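To keep things clear, I will list the structure first and then write my remarks on it.
The values are calculated or read from the model by the stated rules, or taken from the named source; none is laboratory data. Quantities reported herein were computed from a predicted structural model and do not represent experimental measurements. Because the Cβ atoms are built from the backbone with ideal geometry, glycine has one as well, and the counts that use them run over all protein chains shown. Calculation scope for accessible area: heavy atoms of the full protein, side chains included, ligands and nucleic acids excluded. Shrake-Rupley method; radii C 1.70, N 1.55, O 1.52, S 1.80 Å.
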Amino acid sequence: MSENSTFDQIGDLLRRHQSFVILSHVRPDGDAIGSQIALGFALEAVGKSVRLINEDGLPDNLAFMAGSDRIETPPADPVDCEVVIALDTATKPRLGDAALHAASAGKVWINIDHHVSNPRYGDFNYIDSTSPATGQILYELITALDLPCPAETRDAIYVAVSTDTGSFQYPSTTAKTYEMAAELIKRGLDVGKINELIYDNHPFRRVELMRALLNTLERSADGRVAWWQMLDQTRVDLELRPEDSEGLIDIVRAIRGVQVAVFFEELPDGKIRVSMRSKDRRVDVCKIGQEFGGGGHALAAGIRMKGPLEEAKALVLAAIDRSVKAANF
Ligand code: AMP
Ligand code: MN
Ligand code: MN
């Protein structure tokens, strides 16, 4: 299905069915977990039965979120459910094999996302690539359908949107985003407290990781591309968790003159995770990611590719170099 479904069509499905499994992507971020909690609690408030499943479970940095104890790793057997809702997930495989198996009894698939590269793998799709976060789409859906917005939903939408916009800073942030944040505060959100829990609450090992990464920082000769890398040994030495590196790429992105920031991470299985940020749509990192089977957004995208690290780096940096040259800054 290439067209977006309407909110009314999605509302109709939500009304007609009783049991839902809500999924989000592997290595979940604030928008993934926040979206699951936001929609899950809104549906429960109208009497639906809901399971919130994520391949990798709840990351430690989001354990402060009200309702986060409802995020489960996939049970071994398929969950009895009518509808599966995938949130914030650019491709079906990014939901994870075990999560896909757990959701395999679902008859109807709804896919709600903001990734431009999303191939619309649901029976019903709502992909809005102009939205800065899936959480913002869900706020629009919940208000349009007049669904309840319990405290868990309210706070989760804020976490989803704040984390995906780099605290309401990225160019994807719109007037609607700020209006929505104002409405959430009017609905009782404690903005100081929630920001403290999101941003001023990092484990010490994350700062040690920052120190290790800074030692690997490199720049292209013209300073337009900057990158750093993490060996799997660093994960072992510092006893890191996957979420510890979340958002650190913004340090590289914030360097004056840098148009593209890249983070290369060696994973325990030998694959390389690449995280890219661009400051200018002329260098579309989603397109660069798609050259290697990844994707995301024009200004923020990722890849999971074959190692070893040095080969992956050479390939990706060459593709970025071509794109930067073509942009002709
Ligand atoms: P990250 O750099 O991991 O924060 O990801 C940046 C954006 O790209 C997020 O919106 C991700 O969901 C998306 N993304 C990351 N890795 C991939 C991938 N392998 N395939 C598709 N989208 C991805
Ligand atoms: Mn996400
Ligand atoms: Mn997102």
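Quick notes on this one:
- Taking the criterion of being open to solvent by less than 60 Å² (accessible area, probe 1.4 Å) and away from ligand 2 (no atom under 16 Å from the Cβ), the residues of region 83-107 that qualify are Val83, Val84, Ala98, Leu100, Ala102, Ala103, Ala105, Gly106.
- Qualifying residue in region 133-143 (condition: open to solvent by less than 30 Å² (accessible area, probe 1.4 Å) and part of a loop (DSSP other than H, G, I, E, B)): yes
- Set Asn111, Asn125: member being in contact with a Gly (Cβ under 6 Å, 6 or more places away or on another chain), under 22 Å from Gly294 (Cα atoms) and crowded, with 17+ Cβ neighbours inside 10 Å: Asn111
- Only one of Arg235, Arg205 that is under 23 Å from Met65 (Cα atoms), modelled with pLDDT of 95 or more, open to solvent by 30 Å² or more (accessible area, probe 1.4 Å) and of a type in the set (D, E, K, R): Arg205
- For region 2-56, a residue qualifies if it is of a type in the set (Lys, Arg) and within 16 Å of ligand 2 (Cβ to nearest atom), and exactly one does: Arg27.
- Residues located in region 40-67, provided they are more than 16 Å from ligand 1 (Cβ to nearest atom), within 19 Å of Ala102 (Cα to Cα) and open to solvent by less than 20 Å² (accessible area, probe 1.4 Å): Gly40, Val50, Leu52, Ile53, Gly57
- Within the option set Thr73, Thr91, being under 18 Å from the mean Cα position of the chain (by Cα), over 26 Å from Thr177 (Cβ atoms), modelled with pLDDT of 95 or more and assigned by TED's automatic domain parsing to the domain that holds Pro148 holds for one residue only, Thr73.
- Hits in region 208-232 (condition: surrounded by 15 or more Cβ atoms within 10 Å (Cβ to Cβ), out of contact with any strand residue (DSSP E or B) (no Cβ under 9 Å at 6 or more places or on another chain) and among the aliphatic types (A, V, I, L, M)): Met210
- Complete set of residues in region 83-113 that are within 16 Å of ligand 3 (Cβ to nearest atom), in contact (Cβ under 8 Å) with a residue 60 or more places away in the chain and not β-branched (Val, Ile, Thr): Ala86, Leu87, Asp88, Ala90, Arg94, Leu95
- Failed condition for Glu152, given (1) within 16 Å of ligand 1 (Cβ to nearest atom); (2) under 29 Å from Asp77 (Cα atoms); (3) touching a Gly at 6+ places or on another chain (Cβ under 7 Å): (1)
- Within region 136-149, residues that are in contact (Cβ under 8 Å) with a residue 60 or more places away in the chain reach partners that are of a type outside the set (A, V, I, L, M, F, W, C) and in a loop (DSSP other than H, G, I, E, B) with beta carbons closer than 9 Å, at six or more positions or on different chains, in the pairs Glu140/Asp128; Glu140/Ser131; Ile142/Pro148; Cys149/Arg187.
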